[in-house]
Every structure is written in C-alpha cells, then in structure tokens.
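The values are calculated or read from the model by the stated rules, or taken from the named source; none is laboratory data. The structure displayed is predicted, hence computed values, not measured ones. Reconstructed Cβ throughout: ideal geometry from the backbone, glycine too, with neighbour counts over all protein chains shown. Note: accessible area is taken over every heavy atom of the protein model, side chains too, but ligands, DNA and RNA are not part of it. Shrake-Rupley method; radii C 1.70, N 1.55, O 1.52, S 1.80 Å.
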Amino acid sequence: MHEVYMRAAIEEAKKAEALGEVPIGAVVVKDGKIISRAHNLRETSQNPTTHAELLAIQAASEAVGSFRLEDCTLYVTLEPCVMCSGAIIMSRVPLVVYGAPDPKGGTVDSLMNLLDEPRFNHRAEVVSGVLQEECSAMLKAFFKNLRLKAKQKKNSQPGP
Ligand SMILES: [Zn+2]
C-alpha cells in the first residue's frame, strides 16, 4: 500500500523536475485518500521554505481545517530535512514514509533522528526505503543533467 502513495509522490516530484526544480514530491494521506499533493518549488518561488513536505502539510491542514494531522500519513520521495521534520512534529503526523535517504540533510535517519526524540512532545513512526531506487534514480539523473548543462555552458563560452 505504501508503494501506491509513494508513486503519487513520485508523480509530484516529476512535476518539480519539469519546472527545473530538484525532483522531490510529497502527498498526505488520510483514511486511504490523498488529501494533499505538493512538490519542491524552491527555485520557482525563491523561497527556502517551499519544500514538498512543508507545502503538502500546509495544504493538508487546510483540507482538514486543523493544524493537527493526527490521522494522516506523509509520503515523501526524499528523507525530510530539519525544517520539514519540525513541521512534522508541529503537525503531529504520526507516520512518515520516505523513499531515498539524504545523507547530507536528512534528519529522520541520516544525520539524526528528530522524529524519535523523547524530549519533544510528539514522535512519529518512520518507514524508509519505499521505492528507494526510483526516488534516488530521479535525483541522480537530475543532478547529472545539471552538471552536464554546466559543463556544456562552460565549453560553449568563447576562449581567450
Ligand atoms: Zn525539507
């Protein structure tokens, strides 16, 4: 079942990619229904808080009319960062499912585990590695392409 919703998050990530954004997508599910979908919009918005998870949490709260997302599950293609982990705690999402780990920024498993910190008043369960190959292949391809474009640009500049 997790894979079905992760696929929806991957679809969102592809929308981000189409905009030239790092392909990261998220959905929030309640009672088996997707109540919000979002993708990374950092470049488009030039706003550092427009991560997929944060936007999905905001839209989910709007959909249910509450900041408490106690019966919801958050699906995201990449391990959440420190900001999004904060939003997960504040929204009381009880379950987070992610695809690819983020060794440089993930605060759910990789760098630390903010979602299993007993000093906070909320903790969330985490399921990791759902459709991990697909989620990380998407990111790898994006960054490879970016490097290629940068290289081409450099090569096309007139020499001295
Ligand atoms: Zn984030």
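Before moving on, here are some points about what is shown:
- Evaluated at q = 0.12, 0.13 Å⁻¹, a Debye calculation over the C-alpha positions of the chain (equal weights, vacuum) places log10 I(q)/I(0) at -0.49, -0.57.
- Computed on segment 1-156, with alpha-carbon pairs under 8 angstrom and 6+ residues apart, the relative contact order is 19 percent.
- Calculated mean residue ellipticity at 222 nm for the chain: -14000 deg cm²/dmol, from DSSP H runs with n ≥ 4 weighted as -39500 (n - 2.57), summed, divided by the residue count and rounded to 500.
- Segment 36-83, relative contact order in percent, only Cα pairs under 8 angstrom and at least six apart counted: 32
- Whole-percent carbon and sulfur share, accessible surface of segment 1-156, 1.4 Å: 54
- Residue among F143, L78, T50 farthest towards the positive dipole end of the chain, charges placed on Cβ: F143
- Among the listed pairs K33/K104; K104/K140; K14/K149; K15/K151, those beyond 21 Å (Cα-Cα): K33/K104; K15/K151
- Fully extended contour minus Cα-Cα distance, from A63 to S110, at 0.36 nm per residue: 13.8 nm
- Given charges at beta-carbon only (K, R positive; D, E negative), |dipole| of segment 1-156 in Debye: 800
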